[in-house]
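The values are calculated or read from the model by the stated rules, or taken from the named source; none is laboratory data. Just so we're clear, the structure is a prediction, and the values are computed from it rather than from any experiment. A quick note on method: Cβ atoms are made from the backbone with ideal geometry, for glycine too, and the neighbour counts reach across all protein chains shown. Remember, those area values only see protein heavy atoms, side chains included, never the ligands or the DNA or RNA. Shrake-Rupley method; radii C 1.70, N 1.55, O 1.52, S 1.80 Å.
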Amino acid sequence: MKNLLTMTAMALCLASATTAQEKTEFRVAWSIYVGWMPWGYLEDSGIMDKWADQYGIDVEIVQINDYVESINQYTAGAFDGVTATNMDTLSIPSGGGVDTTALIVGDYSNGNDAVIIKGEGDLASLAGKPVNLVELSVSHYLLARALDSVSLAEKDLAGVINTSDADMIAAFAADDVEAVVTWNPLVSSILEDPAASKLFDSADIPGEIIDLMVVNTETLEANPDFGKALVGAWYEVMGLMAAGDEEVLTAMAEASGTDLAGYQAQLASTEMFFTPAEAVTFTSGAELPATMVNVAEFLFDKGILGEGAPSADFVGVEYPDGSITGDESNVTFRFDTTYMQMAADGAL
């Protein structure tokens with residue numbers, strides 16, 4: 001999950017900055033990941049259309065094969081919402097000045113993101129080795145947390161090699177690649193190689209890599225029915241998944257390139273919030289602000305917390321209780337439980 005704030009994306013987002021208005025047609029983007037497969041099912045099954053019709057709007061859900069590109073396109077204004085992690089939302093749209101709201105907190109990675117080495121070894125054995133990953137992504141963050149756990153740092157490696165998620169499986173098979181950091185379903189595929197050994201995963205840092213559906217704040221404020229339709233449709237599918245509907249789960253499995261057993265294995269390492277009440281509780285918890293401070297510090301250290309960011313407090317992040325971490329005069333990332341609470345209350 002994934003990303004990197006490019007100068008192109010920054011320029012596009014600045015060029016696309018407009019005041020949101022009421023409208024009836026919306027587009028959201030998503031990319032392949034175990035916790036985001038419901039978005040493809042929502043589109044294909046007609047559930048999204050049903051909820052959109054209920055509110056007299058149209059919502060198109062578009063799959064983008066490159067995760068980073070999907071966020072860049074959202075930042076540039078091509079989409080009203082996108083699936084993204086908390087870290088990538090902070091660094092790309094919010095860091096670039098696009099006020100963004102976490103509409104749905106879907107899950108956190110609980111083993112889906114992993115550090116994998118070729119052959120035998122442990123985290124300490126990464127010293128002196130190159131590591132392939134999507135640079136400046138949550139994979140990079142996971143690597144930093146893993147290295148820190150054994151008193152190593154990135155400078156102790158032979159370097160990190162920026163590798164697209166689309167190329168990661170092929171990269172691991174190359175003779176000169178010694179270690180990778182990536183996310184599911186890529187992790188599951190790579191671990192099928194007898195030479196692959198998992199050294200560290202997101203279960204070692206629970207609750208830090210959070211998977212979201214984020215939307216443009218101004219668009220949401222001007223069009224609350226957009227938020228209601230997305231949230232209503234999402235939790236209808238969550239109910240089917242929680243009930244173990246094999247037809248639904250198999251469709252998601254096949255769309256992600258695996259079978260039912262493979263997809264269920266990925267779900268087992270994902271802390272899905274199948275009910276809106278669970279999501280509201282997590283989003284309102286005391287741990288979230290601390291996590292976002294840690295993420296902001298990582299991004300600032302890597303120089304990707306917005307162009308010219310003077311400190312890790314550059315971007316203000318607002319939480320459901322109105323508290324803010326970062327710059328209170330530059331709040332561009334908001335965790336808002338309003339619509340999830342409406343779902344919990346049966347008010348959609």
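Which of the residues that make up the stretch 312-326 are surrounded by 20 or more Cβ atoms within 10 Å (Cβ to Cβ), touching a strand residue (DSSP E or B) at 6+ places or on another chain (Cβ under 9 Å) and among the hydrophobic types (A, V, I, L, M, F, W, C)?
Of everything in the stretch 312-326, those that are surrounded by 20 or more Cβ atoms within 10 Å (Cβ to Cβ), touching a strand residue (DSSP E or B) at 6+ places or on another chain (Cβ under 9 Å) and among the hydrophobic types (A, V, I, L, M, F, W, C) turn out to be Val315, Val317.
Across the stretch 58-83, what is the total count of residues that are within 21 Å of His140 (Cβ to Cβ), open to solvent by less than 10 Å² (accessible area, probe 1.4 Å) and in contact with a Lys or Arg (Cβ under 8 Å, 6 or more places away or on another chain)? Full working, then the answer.
As a first pass, look at the stretch 58-83 and keep what is within 21 Å of His140 (Cβ to Cβ): 64-72, 74-75, 82-83.
Checking which are open to solvent by less than 10 Å² (accessible area, probe 1.4 Å) leaves us with 67, 70-71, 74-75, 82-83.
Of the ones still in play, those that are also in contact with a Lys or Arg (Cβ under 8 Å, 6 or more places away or on another chain) are 67.
The qualifying residues number 1.
Just for the stretch 193-240: of the residues that are over 24 Å from Gly111 (Cβ atoms) and charged (D, E, K, R), which one is most open to solvent (accessible area, probe 1.4 Å)?
Glu221
Given the conditions (1) touching a helix residue (DSSP H, G or I) at 6+ places or on another chain (Cβ under 7 Å); (2) within 25 Å of Asp201 (Cβ to Cβ); (3) open to solvent by 10 Å² or more (accessible area, probe 1.4 Å); (4) not in a helix (DSSP H, G or I), and given that Gly97 satisfies all but one, which numbered condition is not satisfied?
Status for Gly97: all satisfied but (2).
What residue, of Ala309, Ala279, is surrounded by 15 or more Cβ atoms within 10 Å (Cβ to Cβ), out of contact with any Pro (no Cβ under 7 Å at 6 or more places or on another chain) and closer than 30 Å to Lys50 by Cβ? Don't jump to the end; show me each part of the working.
Values: Ala309 fails: closer than 30 Å to Lys50 by Cβ.
The match here is Ala279.
Looking at the stretch 311-346, which of its residues are under 24 Å from Gly97 (Cβ atoms) and not in a loop (DSSP other than H, G, I, E, B)?
Gly316, Val317, Glu318, Ile324, Thr325, Val331, Thr332, Phe333, Arg334, Phe335, Thr338, Tyr339
Among the candidates Ile104, Ile71, Ile92, single out the residue that is in contact (Cβ under 8 Å) with a residue 40 or more places away in the chain and closer than 16 Å to Ala279 by Cβ.
Working: Ile71 fails: closer than 16 Å to Ala279 by Cβ; Ile92 fails: closer than 16 Å to Ala279 by Cβ.
Just one listed residue meets the conditions, Ile104.
Cβ-Cβ under 8 Å, sequence separation 6+ or interchain: first residue in the stretch 156-176 and modelled with pLDDT of 95 or more, partner among the hydroxyl-bearing types (Ser, Thr, Tyr). Which pairs?
What qualifies is Met168/Thr182; Ile169/Ser189; Ala171/Thr163.
Out of the stretch 288-329, which residues are more than 19 Å from the chain's Cα centre (by Cα) and of a type in the set (Ser, Thr, Tyr)?
Selection gives Ser311, Ser323, Thr325, Ser329.
Test each condition in (1) open to solvent by 60 Å² or more (accessible area, probe 1.4 Å); (2) free of Cβ contacts under 8 Å to residues at least 60 places away in the same chain; (3) closer than 26 Å to Asn294 by Cβ for Asp122 and report the one that comes out false.
(2)
Against the condition in a strand (DSSP E or B) and closer than 30 Å to Asp58 by Cα, how does Met252 come out, does it pass? Step through it out loud before you land on a result.
Details: in a strand (DSSP E or B): no; closer than 30 Å to Asp58 by Cα: yes.
No: the conditions fail for Met252.
Just checking, which of Phe274, Phe300 is part of a loop (DSSP other than H, G, I, E, B), open to solvent by 60 Å² or more (accessible area, probe 1.4 Å), touching a residue at least 12 places away in the same chain (Cβ under 8 Å) and not polar (S, T, N, Q)? Break it down into steps so the answer makes sense when it comes.
Working: Phe300 fails: part of a loop (DSSP other than H, G, I, E, B).
Every option except Phe274 fails the conditions.
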